[in-house]
Every structure is written in C-alpha cells, then in structure tokens.
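Just below is one structure, and these are the notes that go with it.
The values are calculated or read from the model by the stated rules, or taken from the named source; none is laboratory data. This one's a predicted model, so the numbers in the text were calculated from it and none came from an experiment. Using ideal geometry, Cβ is built from the backbone for each residue, glycine included, and neighbour counts are taken over all protein chains shown. Surface areas here come from the heavy atoms of the whole protein model, side chains and all, with no ligands, DNA or RNA. Shrake-Rupley method; radii C 1.70, N 1.55, O 1.52, S 1.80 Å.
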Amino acid sequence: MTTLRAQPTTTNWAALIEGCILAGLGAMLLRKTWDGQLPLYIHPRYTTLLLATSILVLLIGAFRLWQTGEGAQPLRGRLSVYGLLLAPLLLGVLIPAKPAGSALVDPRQMNNVGRGYTKPSALANDDSTKWTLYDWLFARYTLKPDEARGKAVDVVGFVYRDPNGQQTAADEFYVVRYTLACCVADRTNVSLPVKWSDATTLPNDQWVRVTGKIDLRPGEGPPEFVVTEARVEAVPQPSEPYLYP
C-alpha cells in the first residue's frame, strides 16, 4: 500500500513581512491614540480619521499574516516598499513623542502664518489677558498703536533665544508657540518678544507663563509688539502644546 506524504508548506515571506509591518504600524498608531500622543503630531480634528485608518491597517496586516501559508510570492521589487513602510514604524517606536521646539524655529519666518489661517474670534474679547500668541499676531495688524500700547498680556509658550546671539538682546527673549493647520510638517511659529532683565537665565524650550504690558517699537510694517514690565514664571508643558487656528 502506498503511503501519501503531506506536501511541505511553503512560507509566503512577502505576506509575512507585509503582515508584520502593517500590523506593527496599526498597533503603534492605536497605542499613540490610547496614550494621547497624537496631538503632538496632528491637529485634533484628524484624530478620528487616523484612528479609523490604524484599525484598517491592522486588519489588512492580520489578513496578510493569514496568507503566509498560501504559497510563495516573489520578493523582488518589494524591498524598497518595505523600507518605506518600516521607516515610520521604527521612528514611531524608537523616538519618544515630543512637540516641536526651539531647534526648529526659523527667525526669518517668525510670525509668518500661511494661507488658510483666519483671524481669531478671540480678538472680539476686550479682555486681552485671554488672548493667545496667535491672537496677538493678528492684533498687531488690526489694532491702532494707541489701542495696543499698555494692553495687558498673559500668554504661555516656550523660550527662544537665538543661539548665536544675533536675533535677541541680552535682556530679551521670545515666548513662542507653534500653530498647526494639519500636522507638524505645516507648523508655523507665533511669538512675542519679552523684555526681562534675567532673560539670559532661561534655557531654550523652557515653558513659561509671561504677564506684562504691550509696548511698541518700529518694525517692518506695523510697529512690533514687545512685552514690558514682564513677570516670567516657569510652567509645565501644556497637554496640547500647539495652537489650532
């Protein structure tokens, strides 16, 4: 009697690799959603969309893993695609999530918001202590000098001083916040210069609360707003470090 031998199963390495990468990407995005880290990357309005995408990617990864025993598929021509998929997975896992900081500030683009940014409604509030740095950017172009001078300021942001000492005086620093329209890639920075005698004691990226009054000095276009009579207090990084137009 002839004994039939089971044919050895051929591993579908393409499906195995793709399944592991896609499942890993989906799991990483779900974890960052669970940990509340997504606001460090994208505007909160896209959180639901990214959550749905991560679940879909996870399901596709599981389906590809299920296909690992269905026969071999050629790997030729796929390796470059695997590299593109693996890169964000490794970056997301190995690099701790943190907001963009002073190292990415471009002094030439200070307070230069892009198209699509609208005038904030907060300017309708006469209590200027409720205004954010984004509000103050637009106030510079909408308030008359006499209306702006002496207005009270109460803002939170991180410290920026030019490392080369060319953009900021010894008794001055910028309090800065990034705005996001979509994600970190399209960030722009909004800021106010602050005159404070101990400015040199503040390290870049230190989060501070600044209170004081607005004074004016000549600048390109409308006069530049400067915070004087400043009081500076170190504060923890906000749970949402970006401003959203």
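Among the protein heavy atoms, those of residue 202 account for about 30 Å² of accessible surface (1.4 Å probe, every chain in place). Two tests apply to each whole DSSP H helix in the chain, Cα reach of 18 Å or more along its axis and mean Kyte-Doolittle hydropathy of at least 0.5, and the ones passing both are 13-34, 47-66, 79-94. For the residues 197, 128, a 1.4 Å probe over the protein chains yields an accessible-area ranking, largest first, of 197, 128.
Taking a 32 Å limit on the Cα-Cα distance, which of the listed pairs 130/195; 32/195; 98/144 fall beyond it? Let's see the in-between values first.
Values: 130/195 21 Å; 32/195 39 Å; 98/144 38 Å.
In this structure, 32/195; 98/144 exceed 32 Å between Cα atoms.
Taking Cα pairs under 8 Å and at least six residues apart, what relative contact order does the chain come out at, in percent? Spell out each step's value before the answer.
On the way: 406 pairs, mean separation 46.2, N = 245.
Contact order relative to length: 19 percent.
Between residue 152 and residue 60, full extension at 0.36 nm per residue minus the direct alpha carbon distance yields a gain of 27.7 nm.
Label point of residue 104 set 7 angstrom out along Cα-Cβ; within the stretch 184-203, amide nitrogens under 19 Å from it belong to 184-192. How much FRET efficiency would the formula 1/(1 + (r/R0)^6) give for residue 233 and residue 52, where r is the Cβ-Cβ distance and R0 is 41 Å, rounded to 0.05? Efficiency, rounded to the nearest 0.05: 0.50. Electrostatic bookkeeping for residue 50 treats Lys and Arg as +1 and Asp and Glu as -1; over the other residues with beta carbon under 13 Å from its beta carbon, the sum is +3. The chymotrypsin sites (Phe, Trp or Tyr not before Pro) of the stretch 139-189 include none that DSSP puts in a loop with a beta carbon having at most 13 other beta carbons within 10 Å. Surface calculation, 1.4 Å probe, protein heavy atoms: residue 93 sits at approximately 100 Å² accessible.
Evaluate the stretch 122-245: find the radius of gyration of its Cα atoms, find its Kirkwood radius, and give the ratio Rg to Rh. Walk me through the numbers on the way to the answer.
Values: Rg = 13.9 Å, Rh = 14.8 Å.
Expressed as Rg/Rh, it is 0.94.
Among residues other than residue 238 with Cβ under 12 Å from its Cβ, the summed charge is +1 (Lys and Arg +1, Asp and Glu -1).
³J(HN,Hα) across the stretch 188-193 via Karplus (A = 6.51, B = -1.76, C = 1.60, θ = phi - 60°), whole Hz, x for Gly/Pro? In residue order, the calculated couplings are 9, 9, 10, 7, 9, x Hz.
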